[in-house]
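Only one structure is covered here, and it is reproduced in the block below.
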Amino acid sequence: MDTQLNNQADGQQNDDKRQAPGLAGLLSRARTIVLLALAVFVLTDLIGLTSLFWSIVGWLAVSASALYMAYESDLRERRAVARTQARGVRAQDEAGIGTALLNQLPDVIVLVDGRGRILFQNLAAAAFTGQSAVGKLLGSTFREPSLLQAVEQVRAGESVQAFEIVRSLPVERHFRVLATPAETAPAVPAVLLVLHDITDAKRIEQMRVDFVANASHELKTPLASVSGFIETLQGPARDDEEARERFLGIMAEQTHRMKRLIADLLSLSRIELREHQPPKGSIDMKLLVKEVVAAVTPIAERDGVELFVELPDDLPKVRGDWDELHQVVQNLVDNAVKYGRSGKKVEITGALHSENERAYVALFVRDFGPGIARQHIPRLTERFYRVDAVASRERGGTGLGLAIVKHILNRHGGEMVVESELGQGTKFTIMLPLYK
Ligand code: ADP
């Protein structure tokens with residue numbers, strides 16, 4: 001900021017020098033004394049006190065002194081004005097408040113002078129351009145042609161320029177850039193650059209686009225299959241009893257798939273809406289697990305999977321919403337049976353757990369199936385992410401189950417940890433804060 005302030009102060013002093021008064025100006029300031037002296041010496045000459053020669057010499061001497069005094073006082077005044085102006089500019093940033101505020105802003109702010117050099121940059125910009133970019137040419141720190149071109153356009157007199165740039169190093173970041181003319185001092189036409197990070201907004205936009213594309217794709221396949229069978233039944237297979245039975249069976253299955261998908265989509269959007277309102281109920285997880293196990297047992301039995309449940313009797317209650325937590329546990333147990341059935345056993349256990357001085361109820365759902373490769377684990381809670389899409393669809397999966405689990409846990413202030421080893425099985429741990 002100092003560079004900018006000094007430059008501004010210099011600019012003002014230069015201005016004042018240019019405005020120094022000429023002889024006419026000085027004469028006008030010293031006019032009263034010169035005229036008074038003229039009157040006095042004319043009088044002394046007339047009454048014979050001095051000769052004409054000495055009257056003229058005396059008048060010239062007094063006038064010269066008056067002019068000199070006028071010049072001196074003008075110089076003093078101009079210096080005082082310059083000092084006041086410089087102080088005034090500094091006062092605008094007294095105690096560095098302006099700079100401190102600009103440094104607090106997450107936006108990158110850079111002021112470029114009329115010669116294309118950086119006059120000022122805030123902290124966010126320093127992280128962007130390097131600590132010592134002040135005084136350097138803008139082009140040596142910013143390489144984006146659109147940005148440099150916009151600065152040129154503003155310097156050439158065009159109004160505000162707004163556009164977007166992408167920086168790919170060290171990670172890809174998107175910025176919305178505003179280049180505006182900035183009058184820092186009368187003689188210094190500068191350009192103010194503001195770069196606002198829109199990476200998150202871009203990512204959300206991309207997620208939304210992907211989500212709509214994925215959801216439509218998931219619905220398109222069963223819908224195409226159903227409409228294909230309808231056409232076949234109306235046409236070539238109209239009188240084929242056996243084909244009709246078979247096709248109707250597939251159509252029912254596909255319709256069921258679409259219903260599941262729509263139910264999961266609705267559930268996800270409902271949970272998202274409520275994500276920032278913490279639940280109020282007090283839930284007995286032992287009771288809830290019992291209910292889930294009762295619902296899953298027929299499927300587990302069909303698939304030859306044994307459900308082993310062991311939760312301590314004195315497990316404290318958790319703060320939660322019954323239906324949502326039911327959905328979480330059901331999803332995890334369903335998945336364990338669905339994907340881990342080759343392990344023949346699913347264990348559901350619980351314990352009181354302390355972490356970072358906070359107490360949780362931890363629930364473990366463990367299967368002994370094929371496990372999940374390490375690279376997939378961080379992505380499991382993404383919408384429509386599946387390790388094996390065919391296996392998921394075959395088993396009635398929508399790819400939304402764990403995304404729903406994640407959002408419900410977020411709302412509950414809970415957490416989920418996934419541990420897995422290929423060939424050994426997978427353990428999902430969820431932790432829920434206690435009801436207090
Ligand atoms: P889906 O509806 O496909 O089951 P989820 O979101 O519930 O969707 O799970 C995402 C993916 O995670 C599944 O498609 C599956 O590939 C994998 N997965 C989830 N649970 C397990 C598990 N216990 N064992 C192996 N893979 C699993």
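The values are calculated or read from the model by the stated rules, or taken from the named source; none is laboratory data. Please read these numbers as outputs of a predicted model, since none were measured by experiment. Quick reminder, even Gly has a Cβ in these numbers, built from the backbone with ideal geometry, and neighbours come from all protein chains shown. Just so you know, the surface numbers come from the protein's heavy atoms only, side chains and all, with ligands and any DNA or RNA stripped out. Shrake-Rupley method; radii C 1.70, N 1.55, O 1.52, S 1.80 Å.
If you take the residues in segment 393-436 that are among the hydroxyl-bearing types (S, T, Y) and open to solvent by less than 40 Å² (accessible area, probe 1.4 Å), which one is farthest from G350 (Cα to Cα)?
Filtering segment 393-436 down to residues among the hydroxyl-bearing types (S, T, Y) leaves 398, 420, 426, 429, 435.
From the residues that got through so far, the ones that are open to solvent by less than 40 Å² (accessible area, probe 1.4 Å) too are 398, 420, 426, 429.
Working: T398: 28, S420: 18, T426: 16, T429: 9 Å.
Here the answer is T398.
Identify the residue in segment 142-175 that is farther than 20 Å from K202 by Cβ and of a type in the set (D, E, K, R) and, among all such residues, is nearest to the chain's Cα centre (by Cα). Residue satisfying both the conditions and the ranking: R143.
Within segment 352-392, the set of residues being within 10 Å of the ligand (Cβ to nearest atom), in contact with an Asp or Glu (Cβ under 9 Å, 6 or more places away or on another chain), open to solvent by less than 30 Å² (accessible area, probe 1.4 Å) and not hydrophobic (A, V, I, L, M, F, W, C) comprises D367, G371.
When restricted to residues that are more than 13 Å from the ligand (Cβ to nearest atom) and modelled with pLDDT under 95, segment 324-351 contains 0.
So, of the residues in segment 15-55 that are modelled with pLDDT under 50 and open to solvent by 80 Å² or more (accessible area, probe 1.4 Å), which turns out to be nearest to I97 (Cα to Cα)?
First, pick out the residues of segment 15-55 that are modelled with pLDDT under 50: 15-18.
With open to solvent by 80 Å² or more (accessible area, probe 1.4 Å) added as a condition, the list becomes 17-18.
Details: K17: 31, R18: 33 Å.
Among those that are modelled with pLDDT under 50 and open to solvent by 80 Å² or more (accessible area, probe 1.4 Å), it is K17.
Quick one: would you say L409 is at pLDDT 95 or above, in a helix (DSSP H, G or I) and near the ligand (Cβ under 7 Å from one of its atoms)? Here the answer is no, as L409 does not meet what is asked.
Kindly indicate which of L265, L325, L311 is crowded, with 18+ Cβ neighbours inside 10 Å, within 30 Å of V212 (Cβ to Cβ), touching a strand residue (DSSP E or B) at 6+ places or on another chain (Cβ under 8 Å) and of a type outside the set (D, E).
L325
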